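The values are calculated or read from the model by the stated rules, or taken from the named source; none is laboratory data. Only a predicted model underlies this, so the values are computations on that prediction, with no experimental measurement involved. Heads up, the Cβs are rebuilt from the backbone with ideal geometry, glycines too, and the neighbour counts pull from every protein chain shown. Remember, those area values only see protein heavy atoms, side chains included, never the ligands or the DNA or RNA. Shrake-Rupley method; radii C 1.70, N 1.55, O 1.52, S 1.80 Å.
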Amino acid sequence: MVVAIIGLAAGAVVLSVPDPKPAVVVEAERFAARLVRAREEAILTNRPVAVDATAQGYAFSAFDGVEWAPLTEGPFGPEEWTEGATVSPVEPPTRVVFDPSGVADPVRLTLSRDGRSRTVEVDGAGEVRVDG
């Protein structure tokens, strides 16, 4: 009887452990939040800020008037998509550039995993939205 109770308790623990990979909606929301932060950085520092998204992940850079330099401090470190996630389009790599007034060229990026997908969209005014 004791062994059966321990087995049931162990089964309950295993079933309640969360998936180590976040859901695609969580990843899309995180990416969108970091895009919003990049827009704010462009406005606050009065310089263009870019986000480059590839099949592997995304990274941030800022234009100092002469060249683009990687941003790595705070929330701007390079980030990899979680295992099994696919991103489209990736050819050519997607680049979102926020100018110092916060506007950007419109961009749509779709993240997919396990049959689910979410689209992160940046409109011409620089507003970021998650659909899907």
Quiz item: Does PRO100 satisfy being in a loop (DSSP other than H, G, I, E, B), at pLDDT 90 or above and either more than 15 Å from the chain's Cα centre (by Cα) or closer than 23 Å to ASP131 by Cα (or both)?
Solution: yes
Practice problem: Mind telling me which of the residues GLY65, GLY124 ends up being at positive phi and loosely packed, with under 13 Cβ neighbours inside 10 Å? | Solution: GLY65
Quiz prompt | First in segment 75-86 and farther than 14 Å from VAL26 by Cβ and in a loop (DSSP other than H, G, I, E, B), second anywhere and of a type in the set (Ser, Thr, Tyr) and open to solvent by 50 Å² or more (accessible area, probe 1.4 Å), Cβ under 9 Å, 6 or more apart | solution = PRO78/THR72
Quiz item: For segment 1-36, how many residues are modelled with pLDDT of 70 or more and assigned to a loop (DSSP other than H, G, I, E, B)?
Solution: 2
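Being over 13 Å from the mean Cα position of the chain (by Cα), modelled with pLDDT of 90 or more and not hydroxyl-bearing (Ser, Thr, Tyr): is that true of PRO93 here? Break it down stepwise before answering.
Details: over 13 Å from the mean Cα position of the chain (by Cα): yes; modelled with pLDDT of 90 or more: no; not hydroxyl-bearing (Ser, Thr, Tyr): yes.
Considered against the rule, which asks whether it is over 13 Å from the mean Cα position of the chain (by Cα), modelled with pLDDT of 90 or more and not hydroxyl-bearing (Ser, Thr, Tyr), PRO93 comes out as no.
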Quiz prompt | Scope segment 95-115; condition under 23 Å from GLN56 (Cβ atoms), open to solvent by 40 Å² or more (accessible area, probe 1.4 Å) and among the small types (Gly, Ala, Ser); matching residues | solution = GLY115
